[in-house]
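Asks: Sharing a structure here in structure tokens format.
The values are calculated or read from the model by the stated rules, or taken from the named source; none is laboratory data. This structure is a prediction, so every number in the text was calculated from the model and none was measured. Heads up, the Cβs are rebuilt from the backbone with ideal geometry, glycines too, and the neighbour counts pull from every protein chain shown. For accessibility, only protein heavy atoms count, side chains too; no ligands or nucleic acids. Shrake-Rupley method; radii C 1.70, N 1.55, O 1.52, S 1.80 Å.
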Amino acid sequence: QAFHRAMEEEKQPTGAPHFVGKKEELIEAKRSFRTLEGRDILIIYHQSFFYAMDSYCYHAGGILQNGDIEEIAGKLCIICPNHKYKISLAKGEGMYKARDPQEKPPVHRWYSKGVKQRIHTVTETSGDVYVKLSEDTCWIESDFFQGEKGKVERDKA
Ligand code: FES
């Protein structure tokens with residue numbers, strides 16, 4: 001409930017694409033931090049693709065910027081440096097490993113918890129890169145760390 005109220009108090013995104021930098025610049029940086037409409041965003045360049053997501057981990061607000069990237073169950077995931085939660089770059093799914101006790105013998109497999117981290121859209125036109133904030137109105141757990149109550153202060157984190 002508190003989460004939903006926090007979300008309602010937040011401004012809705014304008015839907016406008018924001019220029020975030022030149023393609024070469026962002027490729028060289030690999031990870032870039034931008035604040036767009038008051039929201040802190042991480043832009044990632046990895047294996048020829050750009051991705052953009054909320055900058056703070058949905059679990060406890062960890063700074064994802066320096067997380068390693070690994071392929072997990074066929075999905076590229078960033079690994080939060082704090083407690084090693086795995087988040088898919090394309091959809092923001094939380095990935096976890098578990099075993100089905102019904103299965104004999106039980107085998108550990110990767111499963112998705114569903115979308116936990118808000119993902120934004122990256123586009124490129126003539127070497128200029130833009131990010132459009134997600135307009136998905138449903139609550140996504142990483143929203144908490146972008147709102148008044150959970151806002152991460154990067155200098156202290
Ligand atoms: Fe990211 Fe806990 S804060 S895994």
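Asks: For the chain, which whole percent of the accessible surface, found with a 1.4 angstrom probe, sits on carbon and sulfur atoms? Intermediate values should be presented prior to the final figure.
Replies: Values: 4420 of 9030 Å².
The value for the chain is 49 percent carbon and sulfur by accessible area.
Asks: First measure r as the distance between the Cβ atoms of residue 24 and residue 139, then evaluate 1/(1 + (r/R0)^6) with R0 = 30 Å and state the FRET efficiency to the nearest 0.05. Don't skip to the answer; put the middle values down first.
Replies: Details: r = 37 Å, r/R0 = 1.22.
For residue 24 and residue 139, the calculated efficiency is 0.25.
Asks: Please compute the modelled spin-label separation between residue 109 and residue 73, points set 7 Å along Cα→Cβ, answer in nm with one decimal.
Replies: According to this spin-label approximation, the distance is 0.8 nm.
Asks: On to the next question. Rounded to whole Hz and in sequence order, give me ³J(HN,Hα) for the stretch 17-26 from the Karplus expression 6.51 cos²θ - 1.76 cosθ + 1.60, θ = phi - 60°, writing x for Gly and Pro.
Replies: Coupling constants for the stretch 17-26: x, 10, 5, 10, x, 7, 3, 4, 4, 6 Hz.
Asks: Let me ask something else about it. At residue 153 and residue 98, where each label point lies 7 Å from the Cα along Cα→Cβ, what is the point-to-point distance in nanometres?
Replies: 3.7
Asks: Okay, moving on. Which of the peptides 45-52, 143-150 is most tightly packed, and how do the rest follow, going by the mean number of other Cβ atoms within 10 Å of each residue? List each step's numbers first, then the result.
Replies: Working: 45-52: 15.2, 143-150: 17.4.
The densest-packed peptide leads the list: 143-150, 45-52.
Asks: Next up: Please calculate how many Å² of accessible area the chain carries per residue, with a 1.4 Å probe and no DNA, RNA or ligand atoms counted. Don't skip to the answer; put the middle values down first.
Replies: Details: 9030 Å² over 157 residues.
Per-residue accessible area for the chain comes out at 58 Å².
Asks: Right, something else. Report the net charge of residues surrounding residue 110, where surrounding means a beta-carbon distance below 13 angstrom and charges are Lys +1, Arg +1, Asp -1, Glu -1.
Replies: Values: positive: 75, 86, 97, 99, 109, 113; negative: 70, 71, 93, 100.
Net local charge, residue 110 excluded: +2.
Asks: Have a look at 38, 62, 94 and tell me which one the Gaussian network model of the chain (Cα, springs below 10 Å) gives the largest fluctuation.
Replies: In the Gaussian network model the winner is 38.
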